[in-house]
Amino acid sequence: MIKSGIDQQALADMFSTATARQGEALRAAVSDATLKALQGREMTLKNIQGVLKSVTQAASAGAAGHAAPAADVEALLAKTVAGMDAALLQAVQAQHKALDQFVAQGIDAGQKPFKEALANLEKMESVFFTAVGKAAEGAAQPLQGPWDQVLEKIKLKGSDSGASATASVAQILAGAQAASRDGRAAGKRAADDLMKGYATLVSGVLIGMSQALQQAAPVAAKPARKG
C-alpha cells in the first residue's frame with residue numbers, strides 16, 4: 001500500500017524478514033524511503049507528520065509478523081527511528097539553505113512569514129517524536145514495550161535532526177541580524193512574496209542536495225581485464 005509517498009508493504013516486508021545483523025541495511029532503506037517521500041511533497045509540518053506516520057505504521061506491521069526475540073525487534077525499531085532521523089536531518093539542512101537564501105535577499109527576521117518558518121524549523125524534533133509516538137500507539141500490544149523503550153531512549157538522547165534544527169535557527173538569526181546591520185532589509189510585501197513558495201523551495205533544495213550527494217559518491221573501480 002502506498003501512503004504519503006511510502007510503499008508501506010515493501011517496508012513492512014523488509015522489516016518482517018530482517019535479522020539483527022541487517023539492522024544497518026534496514027536503517028538505510030528507511031532513510032531513503034522517508035527522504036524520497038519528503039522530496040515528493042511540499043515541506044510542511046503536516047506532510048512531514050504524514051510521512052513519519054506511514055513509516056512507523058509500516059515498521060509496526062512488519063514487526064508484528066516478526067519471529068525474532070523482543071530484544072532484536074527493539075533493535076530493529078531503533079534502526080527504523082534512526083533512519084527517519086537521518087532523513088529529517090537532511091530536511092532540516094534543506095530548510096537552513098532555503099532560509100539562508102531569503103536572508104541574503106534581505107528578509108527581516110522580524111517579518112511574520114520568516115518567523116513562522118523558523119518556528120516550524122524549531123518544532124522538527126517535537127513533530128518527529130509526536131508523530132512516531134502517536135503512530136506507535138496503534139501497534140499490536142506486544143510491540144508497545146519495544147516502541148516505548150526506543151522512544152524513551154531517543155527522547156533522552158535527543159535526535160540528530162533536532163540538534164541540527166536548534167543550531168540552524170541560531171545561525172540563521174545571526175545571519176539575519178548581520179544583514180540588518182548592513183542595511184539589507186526587504187519590506188513586508190517583498191518578504192511575503194519571497195516566502196510564498198517556501199515549502200516548495202525547500203523540497204527542491206532537498207532534491208538538489210540528494211542529487212549532489214549521488215554525484216559525489218565514489219564510483220566503484222572496474223576490475224582490470226585479464227589479457
*Taking the range 75-102 only, how many residues are in contact with a Gly (Cβ under 8 Å, 6 or more places away or on another chain) and either of a type in the set (D, E, K, R) or surrounded by 23 or more Cβ atoms within 10 Å (Cβ to Cβ) (or both)?*
3
*Could you pull out the residue among Leu99, Leu118, Leu26 that is touching a residue at least 60 places away in the same chain (Cβ under 8 Å) and not in a loop (DSSP other than H, G, I, E, B)?*
Leu99
_On the basis of being on the phi < 0 side of the Ramachandran plot, modelled with pLDDT of 85 or more, surrounded by fewer than 16 Cβ atoms within 10 Å (Cβ to Cβ) and assigned to a helix (DSSP H, G or I), does Ala174 make the cut?_
yes
*Looking at the range 33-42, is at least one residue assigned to a helix (DSSP H, G or I) and under 20 Å from Gln144 (Cα atoms)?*
no
*Could you grab me the full set of residues in the range 106-115 that are in a loop (DSSP other than H, G, I, E, B) and loosely packed, with under 14 Cβ neighbours inside 10 Å?*
Gly110
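Which of the residues belonging to the range 137-167 are small (Gly, Ala, Ser), modelled with pLDDT under 95 and in a helix (DSSP H, G or I)?
Correct list: Gly145 only.
Identify, please: which residue in the range 131-150 is surrounded by fewer than 19 Cβ atoms within 10 Å (Cβ to Cβ) and touching a Leu at 6+ places or on another chain (Cβ under 9 Å) and is, among those, farthest from Gly50 (Cα to Cα)?
Gln149
The values are calculated or read from the model by the stated rules, or taken from the named source; none is laboratory data. Here the structure is a predicted model, which means the values were calculated and not measured. With ideal geometry, Cβ positions are generated from the backbone for all residues, glycine too; neighbour counts draw on all protein chains shown.
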